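S.K.: Here it is, the structure in full.
The values are calculated or read from the model by the stated rules, or taken from the named source; none is laboratory data. Fair warning: this is a prediction, and the values are worked out from it, not measured in the lab. Here the Cβ positions follow ideal geometry from the backbone for every residue, glycine too, while neighbour counts run over all protein chains shown.
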Amino acid sequence: MRLLLALLIAFASAYPALAQANFETNARFAVLMDYESGTVIFQKDADAQLEPASMAKLMTLAVVFNEVRSGRVHLNDEFFVSEHAWRTGGASSGGSTMFADLNSKIRVEDLVRSVIIQSGNDAAIILAEGIAGTEGSFAAMMNELARNIGLDGSHFMNPTGLPDPDQYSTARDLADLGRYLIREFPEYYHYFSEPEMEWNGIKQANRNSLIEVGIGVDGLKTGHTEAAGYGAVISTAQGDRRLVAVVHGLGSMRERAEEGRKLLTWGSRAFERFEAYPDGAVVAYADVYGGESGNVGLVGNGEIALYLPRGSRDCLSASVHYVGPLLPPVAAGQQVAELRVFCNDQLVQSAPLYAAEDVPQGDLVRRATDALKQLALGWL
């Protein structure tokens, strides 16, 4: 049965903090997302800039998987272990490593597995050099892909996540990156749940300890630096849906695992699913200033399914927020607004909304009419 919500159109320019009274986390940054819709169930400083540490390797993997899909790289290709990769990411560096031998050659698939399971810095550099020649050139590929998939709060300087003042991301971007990898590369996702990997006679366990605790976690990546603390991008398919979570800024590996477990468990058990709007249903309309049409329909990216606190049906209301009026041209599929769902005036979920159709610039008469509205109504 479809959930009916009373909608109020409002203007807004920033994401608010979700105000769930029933959950708290020690993480400095946190996000919990529904995988299918991308709707946010919980967030804490989700758009604040953070040091991604080894979670940046998820973008390294996204670039590698795209290169493999294009045919420019094959999993059986062998890449050379340079002195730079060996010194910067090898055993002598003191960081996470696969213990690659200097001047050896390693298959791309083994390097990918090392990046995921061992968080091998040497493996990440070897992949970068094998694909783009240098870490800098590979970082340019990372940033291009980040822009293409909408990670507007991220910038990458190297494939390892080693500290750099110009390398940053956000919890929201990292969650979206996790969703991208799961959605676009299901054929490679099994690597993320492998419990261990051995190389050069050295066996290392998967650094994502939640994989083996029986709550359905099957990915994705942990990270840690002294300055940033401990963090993880994690996902579980437990129950009737998949969740993607990010926790970061924690004090220890144990606290990282516990806070991640708590967030996923709460998200899996404390909510029930409602079909609010089916695929293609117009949620509301946004005003367009000077467009061929005076407004544009707002739709979700597919069905908008809401996951709401159990027993909360009677408390629900919703609003649509956007910076408006919109200025043409507006492209179909362009994200222009956000649906916010409240329970007793507490924001419990948000979901992006997209333009349902193109709205090109209007003729002179339309623009003049809208200019008069601007004067009369105080638009802009």
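S.K.: Consider SER137 carefully, then state whether it is part of a helix (DSSP H, G or I), free of Cβ contacts under 8 Å to residues at least 40 places away in the same chain and under 19 Å from ASP164 (Cβ atoms).
M.R.: Against the criterion (part of a helix (DSSP H, G or I), free of Cβ contacts under 8 Å to residues at least 40 places away in the same chain and under 19 Å from ASP164 (Cβ atoms)), SER137 qualifies.
S.K.: What's the number of the condition LEU174 fails, among (1) farther than 20 Å from GLU258 by Cα; (2) at pLDDT 95 or above?
M.R.: (1)
S.K.: Now a separate question. Based on what the data block shows, is ALA123 closer than 20 Å to ALA232 by Cα and of a type outside the set (D, E, K, R)?
M.R.: On the way: closer than 20 Å to ALA232 by Cα: yes; of a type outside the set (D, E, K, R): yes.
Yes; evaluated as a whole, the condition is true for this residue.
S.K.: Give just the number: which of (1) in the same structural domain as VAL115 (by TED's automatic domain parsing); (2) under 23 Å from PHE185 (Cβ atoms); (3) not in a helix (DSSP H, G or I) does SER235 not satisfy?
M.R.: So SER235 meets the others, but not (1).
S.K.: For the range 255-279, give me the residue count where each residue is small (Gly, Ala, Ser) and in contact with a Gly (Cβ under 7 Å, 6 or more places away or on another chain).
M.R.: Here is the first cut: in the range 255-279, the ones small (Gly, Ala, Ser) are 257, 260, 267-268, 270, 276.
Checking the rest, the ones that are also in contact with a Gly (Cβ under 7 Å, 6 or more places away or on another chain) come to 268.
Count: 1.
S.K.: Picking from GLY311, GLY302, GLY267, GLY291, which residue would you name as being at pLDDT below 90, in the same structural domain as TYR354 (by TED's automatic domain parsing) and more than 29 Å from PRO328 (Cα to Cα)? Don't jump to the end; show me each part of the working.
M.R.: Working: GLY302 fails: more than 29 Å from PRO328 (Cα to Cα); GLY267 fails: in the same structural domain as TYR354 (by TED's automatic domain parsing); GLY291 fails: more than 29 Å from PRO328 (Cα to Cα).
On inspection, the qualifying residue turns out to be GLY311.
S.K.: Could you list, in sequence order, the residues of the range 40-66 that are touching a Pro at 6+ places or on another chain (Cβ under 9 Å) and assigned to a loop (DSSP other than H, G, I, E, B)?
M.R.: Within the range 40-66, GLU51 is the sole residue that qualifies.
S.K.: Here's something else I'd like to know. Could you count how many residues in the range 201-213 are assigned to a loop (DSSP other than H, G, I, E, B) and surrounded by 12 or more Cβ atoms within 10 Å (Cβ to Cβ)? Don't jump to the end; show me each part of the working.
M.R.: Looking only at the range 201-213, we keep the residues that are assigned to a loop (DSSP other than H, G, I, E, B), and these are 201, 206-208, 213.
Going one step further and asking which of them are surrounded by 12 or more Cβ atoms within 10 Å (Cβ to Cβ), we end up with 206-208.
Of the residues in that region, 3 qualify.
S.K.: Any idea which residue in the range 23-38 is surrounded by the most Cβ atoms within 10 Å (Cβ to Cβ), counting only those that are part of a loop (DSSP other than H, G, I, E, B) and under 11 Å from the mean Cα position of the chain (by Cα)?
M.R.: The selected residue is GLY38.
S.K.: Can you name the residue in the range 323-354 that is more than 21 Å from the chain's Cα centre (by Cα) and part of a strand (DSSP E or B) and, of all such residues, is surrounded by the fewest Cβ atoms within 10 Å (Cβ to Cβ)? Spell out how you get there, then give the answer.
M.R.: Of the residues in the range 323-354, the ones more than 21 Å from the chain's Cα centre (by Cα) are 323-332, 342-346.
From what's left, part of a strand (DSSP E or B): 326, 330, 342-343, 346.
Working: LEU326: 21, VAL330: 23, PHE342: 18, CYS343: 20, GLN346: 15.
Going through the qualifying residues, I end up with GLN346.
S.K.: Then there's this: For the range 280-288, indicate whether the set of residues that are in contact with a strand residue (DSSP E or B) (Cβ under 8 Å, 6 or more places away or on another chain) and within 30 Å of PRO52 (Cα to Cα) is non-empty.
M.R.: Among the residues of the range 280-288, not one is in contact with a strand residue (DSSP E or B) (Cβ under 8 Å, 6 or more places away or on another chain) and within 30 Å of PRO52 (Cα to Cα), which makes the answer no.
S.K.: Among the numbered conditions (1) among the hydrophobic types (A, V, I, L, M, F, W, C); (2) at pLDDT 90 or above; (3) over 29 Å from ALA355 (Cβ atoms); (4) out of contact with any Asp or Glu (no Cβ under 9 Å at 6 or more places or on another chain), tell me where LEU250 comes up short.
M.R.: For LEU250, the failing item is (4).
S.K.: Hey, another quick one. Within the range 101-115, is even one residue surrounded by fewer than 24 Cβ atoms within 10 Å (Cβ to Cβ), under 23 Å from the mean Cα position of the chain (by Cα) and β-branched (Val, Ile, Thr)?
M.R.: Scanning the range 101-115, I find at least one residue that is surrounded by fewer than 24 Cβ atoms within 10 Å (Cβ to Cβ), under 23 Å from the mean Cα position of the chain (by Cα) and β-branched (Val, Ile, Thr), so the answer is yes.
S.K.: What do you reckon, is GLY94 closer than 24 Å to ASP164 by Cβ, out of contact with any Leu (no Cβ under 7 Å at 6 or more places or on another chain) and in the same structural domain as GLU196 (by TED's automatic domain parsing)?
M.R.: Details: closer than 24 Å to ASP164 by Cβ: yes; out of contact with any Leu (no Cβ under 7 Å at 6 or more places or on another chain): yes; in the same structural domain as GLU196 (by TED's automatic domain parsing): yes.
The answer is yes for GLY94.
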